[in-house]
Amino acid sequence: MSPQNLAAAVREVRERIARAAQDAGRSAQSVTLLAVGKAQPVGLLTAAAACGIRDFGESYLQEALEKIAALQERLLTWHFIGRIQANKTRPIAEHFAWVHAVDRLKIAERLAAQRPAHVAPLNVCLEVNVAGELSKGGVAPAELPELARAVAALPRLALRGLMCIPPEETEPARQRAWFARLRALFEQLNAAGTRLDTLSMGMSADFEAAIAEGATIVRVGTALFGARPR
């Protein structure tokens, strides 16, 4: 994709976010556009930053570290959104501001122990497997309250919210139903005293439905950059 086409894509996505937010009685500013740049070249991310995008999500650690180094002068916010292997927690804790897919206490404990003391606490979202799909990560809804309590008590972490990757649906009502499940869990935790403010849900094909159900971060790749090159 050329920078010119990217600029048009960024405008279109922002317009879609604004319309969805307005339809939900919300402001467009209440939704953060997280550009998912995995497998995309550094030049394309540089062009996206030039279009005003400040939050970038990555799933492949080594590739992400190279991009962070290349774009360090841009003052961007980096989110790790992929599955987390225990042997890779240290560089994630050291180089990212957000982690979206924590689903085990062991991983959270390692991130807390390895987060440098001189930087702000690492923002964390707990991934919930809202449909119980064996092919996906995420804590089971029934086990979420216990995990949330344990993670909230860890030093150097800031438990911010919940994240999900629901089954692919083409019908907006069915899309919304999955996101409504995550929102309900979010509200239950807050009613019990957990102070969450973030719902990371919705991707290129369904982020309007996610915004309708309260998403505060939408993770958008294809709608911005086109199909991944690999």
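The values are calculated or read from the model by the stated rules, or taken from the named source; none is laboratory data. Predicted model, so just to flag it, every value in this text is computed and none were measured. We place every Cβ from the backbone using ideal geometry, glycine too, and count neighbours over all the protein chains shown. With ligands, DNA and RNA removed, areas are computed over all heavy atoms of the protein, side chains included. Shrake-Rupley method; radii C 1.70, N 1.55, O 1.52, S 1.80 Å.
Miscellaneous remarks
- Carbon/sulfur fraction of accessible area - region 1-49, other protein chains in place, 1.4 Å, %: 48 percent
- Since only Ala108, Thr198, Gly221 are under comparison, the one whose Cα sits farthest along the positive direction of the charge dipole of the chain, derived from C-beta charges on Lys, Arg, Asp and Glu, is Ala108.
- Ordered from longest to shortest, the equivalent ellipsoid semi-axes for region 69-198 are 25, 18, 14 Å, each the square root of 5 times a Cα gyration tensor eigenvalue.
- Whole-number accessible area per residue in Å² for region 37-91, which is evaluated in the context of all protein chains at 1.4 Å: 46 Å²
- Unit charges on C-beta of K, R, D, E only; dipole of the chain, Debye: 420 debye
- Based on C-alpha pairs under 8 angstrom that are at least 6 apart in sequence, the chain has a relative contact order of 21 percent.
- Converting phi to 3J(HN,Hα) with the Karplus coefficients 6.51, -1.76 and 1.60 and the offset θ = phi - 60°, region 89-102 yields 5, 4, x, 5, 5, 7, 10, 10, 8, 9, 10, 9, 10, 6 Hz in sequence order, with x at every glycine or proline.
- Hydrodynamic radius of the chain per Kirkwood, over alpha carbon pairs, in Å: 17.8 Å
- Interchain or long-range residues, amide H under 5 Å from Leu157's placed H: Leu122
- Overall, the accessible surface of region 81-230 at a probe of 1.4 angstrom is composed of carbon and sulfur to the extent of 51 percent.
- Protein heavy-atom accessible surface, 1.4 Å probe, per residue over region 148-230: 47 Å².
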